[in-house]
Amino acid sequence: MLSGKHLEKRYPWKRWVHSSGAISAVRNVSLRIRAGETIGLVGESGSGKSTLGRCLAGLEKPSAGSVFYGDLEIYSLSRREARFMRRRIQYIHQDPVDALNPYRTIGQSIAEPLWYFGVKNHADRRAAAARLLEMVELPTTYLDKYPLELSRGQCQRVNIARALIVEPEIIICDEVISALDVSTGVQILQLLKELQQQNGYGYLFISHDLSRVIQISDWIAVMYMGEIVEFAPAENFHETALHPYAQVLIEAVPRLIPGESIEALSSSTFETPQSQLTDVEGCPFHPRCPLATKRCREQKPVLRAVGAHRVMCHFVEP
Amino acid sequence: MQRRLLDVQGLNVSFPSGQETTVAVKDVNLQMQPGETLAIVGESGSGKSTLALSILKLTHKPSSVQALRMMFDGTDLLHLPERGMQKLRGKDISMVFQDPKTAFHPMMPLGKQLLEALPQGRRREKRQRALEMLSRVGLPDAERQMHAYPHTLSGGMLQRVMIAMALLNQPKLLIADEPTTALDVTVQAGIIRLFARLKRQFQMGMLFISHDLGVVAQLADNVAVMRQGQIVEYGSVERILQHPVHPYTRHLLQMAPRLGGTLPMIGGR
């Protein structure tokens, strides 16, 4: 189990002698990923979802708060312990081709992590890589191919194999299907699901595409301006979502109904989020919210339980 | 009968590479009426972008574009010399590209780039027209953005600037190559709404290339489904979405993201 407690991440910036500050990419977020469970993390670009993923994966030290793997705080481990931790938490990147070294064969790329974890025998590593290739449904003849000889979908399978070779418990998938064709993406998701059923991995699935996330997750976390504004069961989330921002994300999914007048949808909510350089007073979503009132502008709502959901909005009554 | 805006028959585009030749577009026929939106749908490598570029005769060299007929609004594009094509591009036919962040010159203010699309006229008038167009595409603070550099705008805002640039000369045909793919879902929804409004206001024909049937459903009048360089199904958007005939169209429809339900199944799993 991996859990982040009260995570904050600020990136300081400085433009001139007098002007400096910090961008808060993640603000007071707590999130728990259990083995065998998928949490879908959705939000627009700039909402801090990747930063949160990187903090949880041990790749980026949060400015405040702590991340626990079991009962180990991962940012205060000794090097030896950290090495063990890294084996248990893996990260898969968005662009499948960029994530692979073009000068290394597929077999070398998949097997490299094993070297760092003590498997120094070449034949053993190669055998393990071959086994993993079978697991991600690629022929073992691919061991000696180079990334450029493979399609994007096949490269993503290689990335998955590389993440799995160290036998992790938690895998953070950062927009893993955004760079793929629709049906290739579906195949990758199917593969991830099957592997989860076989081996009980816990996934944090980061994406801006709510429709796919609902289909594969157990829980949905909606992120806006560095905060989780709604956390809820994924089942029928498109009908049960409570936070106005979650509803905006649902409305934005293109429907397959011809002629359905998209112009009828409310307008200001589809604009880009406001700057993160300045802190917004009150509810972070109020400048775009169709329901915003004086109270929203002045008082910041807190995350509270409403049924099975947890929502950060003044308007949702338990 | 009304004159066709675009009439392409027997279009073949191929790229020679070494001993072999790769055929990217095979025997494609397309007709568009003025004001019509035709969507070309297909996965990557299906030849949909090459098809669009070949209409502008902008395919990468060495390539060979052959057709029985390629007429645009009464002009024969096949036999039009390069000079004539240059006059058409950006004026009668203009294009919006997929990634707004790489389509602009990174070190030139947006206003200057916009005005390049208007070769004739006085500077003050050109500026006025550009400003007007920027506000029509919903860009706030247009006056200030004219002096801004591309990196200071978000992807959605830059895409609006690119659309404004494409529309400055009131083209008869707008080619949009995956204009929302690089954008967030919410921003995409905004841009789709903008396209829907503009196509009504300007009465222009639109060739809309996308891999996402959901985006197409809301904008297109007709849809051409492409696979491996060929059009496998062609029809009105209602017919394609509600009564698809070709198995590949059905497959695409089944794979398209939609709210609710479970992950679609491939390969009888």
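The table that follows gives values for the structure above.
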read-out	value
The protein assembly as shown, accessible area per residue, ligands and nucleic acids excluded (1.4 Å, Å²)	46 Å²
Reachable lysines, given that their alpha-carbon falls under 18 Å from the alpha-carbon of A:Lys61 and they are not under 8 places away in the same chain	A:Lys5, A:Lys9, A:Lys49
Globularity index of the protein assembly as shown, i.e. its alpha-carbon radius of gyration over 2.2 N^0.38 Å	1.03
Cα pair distances exceeding 19 angstrom across segment A:1-116, given as percent	57 percent
Distance between modelled label sites at B:Thr152 and A:Asp218, nm, 7 Å Cα→Cβ extension	4.9 nm
Share antiparallel - DSSP beta bridges, the protein assembly as shown, percent rounded to 5	60 percent
Loop trypsin sites (Lys or Arg not before Pro), segment B:121-205 (other Cβ atoms within 10 Å of the site Cβ: 16 or fewer; DSSP)	B:Arg122
Prolate/oblate/rounded label for segment B:12-86 (Cα gyration tensor, a/c 1.5)	oblate
Choice from A:Ser45, A:Ser20, A:Ser217 with maximal GNM fluctuation in chain A (Cα, 10 Å cutoff)	A:Ser20
Tail beyond 32 Å, pair distance distribution of chain B (Cα, percent)	26 percent
Approximate shape of segment B:100-168 as ellipsoid semi-axes (Cα gyration tensor, √5λ), whole Å, largest first	18, 13, 11
Neighbour cut-off at most 10 other Cβ (10 Å), DSSP loop, trypsin sites (Lys or Arg not before Pro), segment A:87-123	A:Lys120
Gaussian network model of chain A, springs between alpha carbon atoms under 10 Å - residue of A:Pro258, A:Pro102, A:Pro290 with greatest fluctuation	A:Pro258
Note, ³J(HN,Hα) from phi for segment B:18-26, Karplus 6.51, -1.76, 1.60, rounded to Hz, x at Gly and Pro	x, 7, 9, 10, 9, 8, 8, 10, 10
Crossing angle, helix B:155-167 versus chain B [Cα axis fit, 0-90 degrees, rounded to tens]	80 degrees
Residues of segment B:226-269 buried by at least 40 Å² on assembly (accessible area, 1.4 Å probe, chain alone as reference)	B:Met255, B:Pro257, B:Arg258, B:Leu259, B:Gly260, B:Leu263, B:Ile266, B:Arg269
Crossing angle, helix B:123-136 versus chain B [Cα axis fit, 0-90 degrees, rounded to tens]	50 degrees
Qualifying GluC sites (Glu not before Pro) for segment A:129-181 [loop in DSSP, other Cβ within 10 Å: at most 16]	A:Glu137
Residue-count net charge about B:Met146 - beta-carbon cut-off 15 Å; Lys, Arg +1, Asp, Glu -1	+4
Most fluctuating residue given options B:Gln159, B:Gln201, B:Gln19, as computed from a GNM of chain B linking Cα atoms under 10 Å	B:Gln19
Under-5 Å amide H pairs with B:Val96, H placed in peptide plane, nonlocal only	B:Ile175, B:Ala176, B:Asp177
Pairwise burial B:A, computed as accessible area of each alone minus the pair, summed, 1.4 Å, Å²	3800 Å²
Cα-based Lys proximity count in chain B, under 13 Å, for pairs eight or more positions apart or on separate chains	5
Protein accessible area in the protein assembly as shown, 1.4 Å probe - carbon and sulfur %	50 percent
Rounded to whole Å, sorted largest first: equivalent-ellipsoid semi-axes of chain A, Cα gyration tensor	36, 24, 18
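The values are calculated or read from the model by the stated rules, or taken from the named source; none is laboratory data. Since the structure is predicted, the reported quantities are computational estimates derived from the model, not experimental observations. Note: ideal-geometry Cβ built from the backbone for every residue, glycine included; neighbour counts use all protein chains shown. Heavy atoms of the whole protein, side chains included, go into the accessibility calculation; ligands, DNA and RNA do not. Shrake-Rupley method; radii C 1.70, N 1.55, O 1.52, S 1.80 Å.
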